[in-house]
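Undergrad: One structure is given below, represented as structure tokens, and several questions about it will come after.
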Amino acid sequence: MPEVVFSVDQTKSMRDQAVPGHNRWHPDVPVAAMVRPGQEFRVECREWTDAQLGNNDSANDVRDVDLSRCHMLSGPIGVEGAQPGDLLVVDILDLGPVPQETGDAPGQGWGYTGVFAKANGGGFLTDYFPDAYKAIWDFHGQQATSRHLPGIRYTGITHPGLFGTAPSAELLQRWNRREQALVDREPDRVPPLGLPPLLDGTLAGTADGSTADHIAREGARTVPARENGGNHDIKNFTRGSRVFYPVYVDDAKFSGGDLHFSQGDGEITFCGAIEMGGYIDFHVDLIKGGMEKYGITRNPVFMPGNVEPRYSEFLSFVGVSVDRETDENLYLDATMAYRNAALNAVEYFKKWGFTGEQAYLLLGSAPIEGRISGIVDIPNACCTLYVPTEIFDFDVRPTSEGPVKADRGQCAVTS
């Protein structure tokens, strides 16, 4: 086993670890451990909300989750010799749930998928599903099943939702300036258009005193992906992947977490993956001056791993850029097209006895493939959503006999 350079006791909050992690991007978060180019090492991770959600049949914990505390990141891991302008080469060697443990924290034999309430996070279909819902998934090796979505079993593509390098002070200022300008367009919008720095809930690693104070005042929230990587939520970012991260500060200060057992493309419920804590093994190296050499200056580049379930048959749902409520035609709007593809899939699976909420949770967590299928045929963008038929224990394909509607239970709901 590689050396553990950042350890997590899953019975304790990230704040109470021997070396705490952090939940804001800032160049002054102190390095928690150092590694060398060419080294292999293990990072242990807490579930992204710091285990605020439980293995139960109520979604009240989703409704009431404190998002100011998210994401709980392990690190920063410093890389010897890394300087601004370099590329940090990161190979994902292995990852998974917490090894040989069962317990109350996500990742200890189980995980969850959540639909976040519109008033607290929202999601891709929040106008159609404004309340909070949840599904608990039990892990069986590489497969997952849920008492909240009976009749479904699938193989997960384990991956980290979030890893990245620290921003420079100048880059952090740019983030805060442009994101505040976005919020200012509609300051009363629910959910908001962006998440500016927030003092409440800030965890600044081992920083204290004035350093911790200015990290809290200036630190960028971790919800969106940015130039440094961050919260990409790419399901194929799995074992065997190689990522080339821009380096903006000395030592690179590489951090992350938000491990997922499985996820559909887009993670559409906002907490759409099967969320868990666990471990991830890395190998790192450097390309000196790589940002200029390869023009990788604004976002990472990655080579996806070749580890994924082999599903051969799909039902593919199509959506175009027409607002289904107003019949307004939007010009080449891929977001609207993908939303419509997802809603078309939800309506289809309701015919088999699933509730809309169950279908929404399924699309966020199963290894669904999403594609931009047409982006040039004015005025309608076209997106498609591919659902593997083999994940169901009954035949979901259309036939002349019609769908067989059955009692499919219910996901966890709020009281």
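Undergrad: Mind checking the angle between helix 334-350 and the chain's longest principal axis? C-alpha axes, 0 to 90 degrees, to the nearest 10.
TA: For helix 334-350, the angle is close to 50 degrees.
Undergrad: Taking the simple approach of a point 7 Å from Cα along Cα-to-Cβ for both residue 177 and residue 292, what is their distance in nm?
TA: Result for the modelled spin labels: 2.3 nm.
Undergrad: In addition: Taking Cα atoms of the range 292-415, Rg/Rh with Kirkwood Rh, to two decimals? Write out the running numbers ahead of the final one.
TA: Working: Rg = 17.7 Å, Rh = 16.8 Å.
Across the range 292-415, the Cα-based Rg/Rh ratio is 1.06.
Undergrad: May I ask which residue of 105, 136, 187 lies farthest towards the positive end of the charge dipole of the chain, with charges of +1 (Lys, Arg) and -1 (Asp, Glu) on Cβ and the Cα centre as origin?
TA: So the residue we want is 187.
Undergrad: Counting only protein heavy atoms, what percent of the accessible surface of the chain is carbon or sulfur at a 1.4 Å probe?
TA: On the way: 8160 of 16960 Å².
Carbon plus sulfur share of accessible area: 48 percent.
Undergrad: Then there's this: Karplus couplings for the range 185-192 from phi (6.51 cos²θ - 1.76 cosθ + 1.60, θ = phi - 60°), rounded to Hz, Gly and Pro as x?
TA: Couplings: 5, 9, x, 9, 5, 10, x, x Hz.
Undergrad: Report the extension gain between residue 375 and residue 299 in nm, rounded to one decimal, defined as 0.36 nm multiplied by the number of residues separating them, less their alpha carbon distance. Walk me through the numbers before you get to the answer.
TA: Values: separation 76, 0.36 × 76 = 27.36 nm, distance 2.24 nm.
Here the segment from residue 375 to residue 299 would lengthen by 25.1 nm.
Undergrad: Now, a different point. State the Kirkwood hydrodynamic radius of the chain in Å, one decimal place, computed from all pairs of distinct Cα atoms.
TA: On the way: mean 1/r = 0.0457 Å⁻¹.
Kirkwood radius, the chain: 21.9 Å.
Undergrad: Follow-up. Could you work out how much longer the chain between residue 58 and residue 186 gets when fully extended? Use 0.36 nm per residue separation minus the Cα distance between them, nm to one decimal.
TA: Extra length from residue 58 to residue 186 when fully extended: 42.8 nm.
Undergrad: List the equivalent ellipsoid semi-axes of the range 185-237 in whole Å, largest first, each obtained as the square root of 5λ for an eigenvalue λ of the Cα gyration tensor. Don't skip to the answer; put the middle values down first.
TA: On the way: eigenvalues 107, 72, 14 Å².
Equivalent ellipsoid of the range 185-237: 23, 19, 8 Å, largest first.
Undergrad: Let me ask you something else. Return one whole number: the accessible area per residue of the chain in Å², for a 1.4 Å probe.
TA: Working: 16960 Å² over 415 residues.
In whole numbers, the chain has 41 Å² accessible per residue.
Undergrad: Related question: Please list 3J(HN,Hα) in residue order for the range 115-130, calculated via the Karplus relation 6.51 cos²θ - 1.76 cosθ + 1.60 where θ = phi - 60°; whole Hz, with x for glycine and proline.
TA: 9, 7, 5, 4, 6, 9, x, x, x, 4, 10, 5, 6, 9, 10, x
Undergrad: Ok, one more. With a bin width of 10 angstrom, please list the P(r) values of the range 7-123 as percents of all Cα-Cα pairs, from the 0 bin to the one holding the largest distance.
TA: Percent of pairs per bin, in order: 11, 36, 33, 16, 3.
Undergrad: Would you mind checking the radius of gyration and Dmax of the range 131-257 based on alpha-carbon positions, in Å?
TA: In order Rg, Dmax, the Cα atoms of the range 131-257 give 18.3, 54 Å.
Undergrad: Can you list residues from other chains, or at least 5 along the same chain, whose modelled amide H is less than 5 Å from the amide H of residue 353?
TA: 406
Undergrad: Measure nothing but the geometry: give the 0 to 90° angle between the long axis through the Cα atoms of 356-365 and the longest principal axis through the Cα atoms of the chain, rounded to 10°.
TA: Roughly 40 degrees between the two axes.
Undergrad: Right, another one. Give, as a single signed number, the net charge of other residues whose beta carbon lies under 14 Å from the beta carbon of residue 283, with Lys and Arg counted +1 and Asp and Glu -1.
TA: Details: positive: 36, 42, 239, 242; negative: 3, 40, 91, 94, 281, 285.
Once positives and negatives cancel, what remains is -2.
Undergrad: So, one more: What value, in deg cm²/dmol to 500, does the helix sum -39500 (n - 2.57) over DSSP H runs of n ≥ 4 give at 222 nm once divided by the residues of the chain? Can you show the working numbers first?
TA: Numbers: 6 runs with 63 residues, N = 415.
Calculated at 222 nm, the ellipticity per residue is -4500 deg cm²/dmol.
Undergrad: Just the Cα atoms of the range 66-223: what Rg and Dmax do they give in Å?
TA: 19.1, 54
Undergrad: Over the range 79-127, what portion of Cα pair distances is larger than 17 Å, expressed as a whole percent? Let's see the in-between values first.
TA: Details: 788 of 1176 pairs.
Result: 67 percent of Cα pairs exceed 17 Å.
Undergrad: Nearest 0.05, what FRET efficiency do residue 9 and residue 397 give at R0 = 30 Å with Cβ-Cβ as r? Don't jump to the answer; show the numbers that get you there.
TA: Numbers: r = 47 Å, r/R0 = 1.57.
That pair, residue 9 with residue 397, gives E of 0.05.
Undergrad: Sticking with this one: Over the chain, what is the relative contact order in percent, taking alpha-carbon pairs closer than 8 angstrom and at least six residues apart? Working shown, then result.
TA: Numbers: 1126 pairs, mean separation 100.2, N = 415.
With pairs under 8 Å counted, the relative contact order is 24 percent.
Undergrad: Lys and Arg at +1, Asp and Glu at -1: add these up for the other residues within a Cβ distance under 15 Å of residue 177 and post the number.
TA: After counting each charged neighbour, the total is +1.
Undergrad: Taking 0.36 nm per intervening residue step and subtracting the Cα-Cα distance, what contour gain separates residue 324 from residue 407 on full extension?
TA: On the way: separation 83, 0.36 × 83 = 29.88 nm, distance 2.84 nm.
Extending this stretch completely gives an extra 27.0 nm.
Undergrad: Rounding to the nearest 20 debye, state how big the charge dipole of the chain is about its Cα centre with +1 on each Lys and Arg Cβ and -1 on each Asp and Glu Cβ. The partial results should precede the final answer.
TA: On the way: 36 positive and 57 negative charges, 73 e Å.
Dipole about the Cα centre, nearest 20: 340 debye.
Undergrad: So, one more: Step through the residues of the range 397-412 one at a time and calculate ³J(HN,Hα) from phi using the Karplus curve (6.51 cos²θ - 1.76 cosθ + 1.60, θ = phi - 60°), rounding each to whole Hz and writing x for Gly and Pro.
TA: These are the phi-based 3J(HN,Hα) values: 6, x, 9, 5, 6, x, x, 8, 7, 9, 6, 9, x, 7, 7, 6 Hz.
The values are calculated or read from the model by the stated rules, or taken from the named source; none is laboratory data. All values derive from a computational prediction rather than experimental measurement. Glycine also receives a Cβ, built like all others from the backbone with ideal geometry; neighbour counts cover every protein chain displayed. Side chains included, ligands, DNA and RNA excluded: accessible areas come from the protein's heavy atoms. Shrake-Rupley method; radii C 1.70, N 1.55, O 1.52, S 1.80 Å.
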